[in-house]
1. Please work out how much length the chain gains when fully extended from PHE149 to ARG12, using 0.36 nm per residue of separation minus the C-alpha to C-alpha distance, in nm with one decimal.
2. Tabulate in residue order the Karplus-calculated ³J(HN,Hα) for the stretch 97-103, using 6.51 cos²θ - 1.76 cosθ + 1.60 with θ = phi - 60°, rounded to whole Hz; enter x for Gly and Pro.
3. Can you sort LYS167, LYS154 by solvent-accessible area, 1.4 Å probe, largest first?
4. Compute the signed sum of charges (Lys and Arg +1, Asp and Glu -1) over the other residues within less than 9 Å, Cβ to Cβ, of SER161.
5. Tell me the net charge near ARG94. Cut-off is 13 Å between Cβ atoms, ARG94 excluded, with +1 for each Lys or Arg and -1 for each Asp or Glu.
6. For every other residue with a beta carbon closer than 11 angstrom to the beta carbon of ALA61, add +1 if it is Lys or Arg and -1 if Asp or Glu, then tell me the sum.
7. At 7 Å along the Cα-to-beta-carbon direction for both GLU109 and MET48, put a label point, then send me their distance in nm to one decimal.
8. Could you give the length gained on full extension between LYS117 and LYS71, defined as 0.36 nm per residue of separation minus the Cα-Cα distance, in nm?
Amino acid sequence: MPAIISASPKLRMLTLRHGDFMGHTDAGTPDVADLFPVLTEPRRHSLMVLDLQGVIFSDSAVPLLIPYIRKLWDLSIRDTAVPALFWRQLVHDRIWVRRLDLRRVVINEHVLRYLSKYLGLRDLRLEIPKDGMVENEEQPETWASRFWFDALPKHSHTLTSLVIISKIPGHWCIDGHALDMISQCRQLRDLLLTIDWARTIVKGDANIIVGSLIFWVCER
């Protein structure tokens, strides 16, 4: 595989998928660092679509991968522990994707900083799992607030598709504040959000979820 990748300068799309979930580092799990050899002519390569699933992604892989993805447009990562260095390097090299799909990947300050550093994202999907992908019990709410208030507004003029699937009740689910931010995204064509069921069964004016959603849909 490394020889094929390095010898294919016209390669535009690459998918690396493994069946195991994050945390399994057995001998059968591919390591990104082993798949991307050091390039002698890095400008010859320009991957535009990269899809990683269930692979080992360590700090050592980042400097090897970056020369291949300087023109990256579409990034999908699933069931993979992504090093903070990767997000920092994307910012440093000004690699701004137009489509980002993160499923069962830790959403932390590094991801949110990346999203907050540029304009122009068109398609965003985040899947927040229930277990095993958060750095501590207090972080999910913090990251959710930063996403709605800092990251999402950066892309309000270009975002056409937004999918936020959360297995955790709380601020990753829709509420009045999230809808206020989403209402700024005037180009949306596809929208999929999670409702916190515990907050929808409240009766009367206290049920801000249903009330806010109906108002927002009518206003649109």
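1. 45.9 nm
2. Those phi angles translate into 7, 9, 9, 10, 10, 10, 10 Hz.
3. LYS167, LYS154
4. Net local charge, SER161 excluded: +2.
5. Numbers: positive: ARG70, LYS71, ARG88, LYS117; negative: ASP93.
Cβ neighbours under 13 Å give a net charge of +3.
6. Local net charge: -3.
7. Distance between the two pseudo-spin positions: 3.6 nm.
8. Details: separation 46, 0.36 × 46 = 16.56 nm, distance 1.69 nm.
Gain on stretching LYS117 to LYS71: 14.9 nm.
The values are calculated or read from the model by the stated rules, or taken from the named source; none is laboratory data. Values in this document were obtained by computation on a predicted structure and should not be read as measured data. Heads up, the Cβs are rebuilt from the backbone with ideal geometry, glycines too, and the neighbour counts pull from every protein chain shown. The area values use the complete protein model at the heavy-atom level, side chains included, leaving out ligands, DNA and RNA. Shrake-Rupley method; radii C 1.70, N 1.55, O 1.52, S 1.80 Å.
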